[in-house]
Amino acid sequence: GLALEGDQPFRVPPGWAATGRVDPGHDVQLTLALRQPGRERLARLVDAVSDPRSPRYGRYLSLEQLRDLIRPSPATLTAVLKWLQGHGVGSCRSVSTLDFLECHMPASTAERLLPGAEFHRYVKGRRSVVRSPLPYTIPEELAEHLDFVGGLHRFPAERKVVSRAWAKKETEPGQHHGGRMG
Amino acid sequence: FHLGVTPSVIRKRYNMTGGDVGLLPNNSQACAQFLEQYFHQADVAEFMQLFGSSFGHRSRVDQVVGHQGWGKAGLEASLDVEYIMSTGANISTWVFSNAGRHESQEPFLAWLLLLSNMSSLPWVHSVSYGDDEDSLSLAYLQRVNVEFMKAAARGLTILFASGDEGAGCRRVPGGNHTFRPSFPASSPYVTAVGGTSFKNPFLITAEVTDYISGGGFSNVFPMPDYQAAAVRRFLSQASKLPPSSYYNSSGRAYPDLSALSDNYWVVTNRIPLPWVSGTSASTPVVGGMVALINERRLQQGLSPLGFLNPVLYQLQEQGHSAAFYDVTQGCHLSCLDGTVQGQGFCAGPAWDPVTGWGTPNFPRLLRALLAP
């Protein structure tokens, strides 16, 4: 297989603790980012509609026009759907622009679909997420059809509001900035 | 004299008058929340009662997309909503609440999918969220960047907080340090908002750099044409720069502009809290102003501003420098090592990687953006 995100570090953020592998039947949701063929045209179009010197300035696209520009090719849709169906994954929904698929499946199916992945649960307070600490792979013939598969590695990012009033109390010697409030 | 930043302090500093409020029913603005950060309508109402008497405003969020929990309100969510509704006063406000309802969902990705699925959206989105660029795969960074291009093609303005770690710091293999850019602020298709403080913290005075203000150069995205001249000027004219090994001078440079980010008052869980700071505060302030400028453009039969950066950088080239208060004092933080000693970049005349072009002078910016 081919690792689409072999460079994605797996870091468990502070405060999250691993509680072990999930049951094989545990439902996981994967987000498949399908390759968009019209990216270069999209880039040129964005330049034109955003540049006041362009005659196209401000002439934005509707969602339907955008879909027509970047929708995945029939070859991409066929290849990806065939791959999913081959693993018994039928519970998928698309978005209006057709370039993402959200699919539900048991963890055991996801692990067969994406060799290398292993789904574990991590908890922080009352919150829990399921992620794979190991990189996933896809069949090489799908590399031209998929950008990445979401829902495996990245943890929800914490917001950081700084409270300067607390900074003096919480700043360690040598640190420049203060306490963080999640 | 004031005891912290409130809506009236912001509106006064940026020269917003009582007439600078929304009127159109078809204009709207939004902020996005992740990780079960909820706001309470009662906090918004109390905030406006305490701090909103000097300008026309709404006291309720009009639309929540996604799930709003019943737990305690989050400080960050309260901050976003209260301040986007203070500069974008009387404009219909939406909150996108993306808690990641499913255990294996990525909340940020869920928000991107919502944008790709909704045909009718607010024109302006303020998002105070960021990750270290090096914590994300190249495939993910590049695809998310395309998602911002999609938003730009639809005329949406997407604003991201530039981060609260200054230039950031990362130890690379071999033991050396480099600065650490923040994404999505480092995407060339979003507008990144940095932070400033009042020079005198108790008076409405000129602004200086807020040392936490995120900024620098992407290690992934090349410098877009729209900013090349401004950044080149900074790099050639700065009196002091960090060693070039700390940053990629040919990368997308950010932030693009700034607003006050220090010492805000926020009402959360019915309690007014002082001393809230961060570029999480400056981003919705700018978001509300952009929504108000969109409103004036819509009134004149013009299109919404959409992706803001090309026009922002062109304004300066065209001599509209009065559209911003140029912030020229102060530096932001970075690596604590013997070479840079905690100092990243320093602000200077015109664009710089600490405060961008500076902070908005609303009437001048409005005038410039009504006929760019």
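Among the numbered conditions (1) in a loop (DSSP other than H, G, I, E, B); (2) under 13 Å from B:F307 (Cβ atoms), tell me where B:L159 comes up short.
(1)
Is the range B:171-178 home to any residue that is assigned to a strand (DSSP E or B) and crowded, with 24+ Cβ neighbours inside 10 Å?
For the range B:171-178, residues assigned to a strand (DSSP E or B) and crowded, with 24+ Cβ neighbours inside 10 Å: absent.
From the list A:Q29, A:Q36, exactly one residue is within 25 Å of B:W111 (Cβ to Cβ) and touching a Pro at 6+ places or on another chain (Cβ under 7 Å). Which is it? Show your work before the answer.
Working: A:Q29 fails: touching a Pro at 6+ places or on another chain (Cβ under 7 Å).
After applying the criteria, what remains is A:Q36.
Tell me which residues, restricted to the range B:339-354, are out of contact with any strand residue (DSSP E or B) (no Cβ under 7 Å at 6 or more places or on another chain) and not β-branched (V, I, T). Spell out how you get there, then give the answer.
Narrowing the range B:339-354 to residues out of contact with any strand residue (DSSP E or B) (no Cβ under 7 Å at 6 or more places or on another chain): B:339-341, B:348-351.
B:Q341, B:G348, B:P349, B:A350, B:W351, listed by residue number.
So which residues in the range A:50-78 are hydroxyl-bearing (S, T, Y), surrounded by 13 or more Cβ atoms within 10 Å (Cβ to Cβ) and not in a loop (DSSP other than H, G, I, E, B)?
A:S50, A:T76
Being within 7 Å of chain B (Cβ to nearest Cβ), β-branched (V, I, T) and over 21 Å from the mean Cα position of the chain (by Cα) is the filter here; which residues of the range A:13-51 pass it?
Of everything in the range A:13-51, those that are within 7 Å of chain B (Cβ to nearest Cβ), β-branched (V, I, T) and over 21 Å from the mean Cα position of the chain (by Cα) turn out to be A:V46, A:V49.
Taking the conditions exactly as written (under 16 Å from B:E36 (Cβ atoms) and assigned to a helix (DSSP H, G or I)), does B:V81 satisfy them or not?
yes
So B:W94 passes all but one of these: (1) away from every other protein chain (no Cβ under 13 Å); (2) within 25 Å of A:H26 (Cβ to Cβ). Which condition number does it fail?
(2)
Taking only pairs six or more apart or across chains, which ones have beta-carbon atoms under 7 Å, a first residue in the range B:160-172 that is free of Cβ contacts under 8 Å to residues at least 24 places away in the same chain, and a second residue that is crowded, with 23+ Cβ neighbours inside 10 Å?
As it stands, the answer is none, since no pair meets every condition given.
Can you tell me which residue in the range B:109-160 is surrounded by the fewest Cβ atoms within 10 Å (Cβ to Cβ), limited to those that are farther than 24 Å from A:V12 by Cα and among the hydroxyl-bearing types (S, T, Y)?
Restricting to residues being farther than 24 Å from A:V12 by Cα and among the hydroxyl-bearing types (S, T, Y), the top hit is B:S120.
Yes/no per residue for (1) closer than 26 Å to B:W265 by Cα; (2) polar (S, T, N, Q):
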{"position": "B:Q63", "(1), (2)": "yes, yes"}
{"position": "B:G69", "(1), (2)": "yes, no"}
{"position": "B:K72", "(1), (2)": "yes, no"}
{"position": "B:E82", "(1), (2)": "yes, no"}
{"position": "B:S86", "(1), (2)": "yes, yes"}
{"position": "B:T93", "(1), (2)": "yes, yes"}
{"position": "B:E103", "(1), (2)": "no, no"}
{"position": "B:E106", "(1), (2)": "no, no"}
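Quick note: the coordinates plus some simple rules give every number you see, no bench work behind them. In this text the structure is predicted, and so the values were computed from the model without any measurement. Quick reminder, even Gly has a Cβ in these numbers, built from the backbone with ideal geometry, and neighbours come from all protein chains shown.
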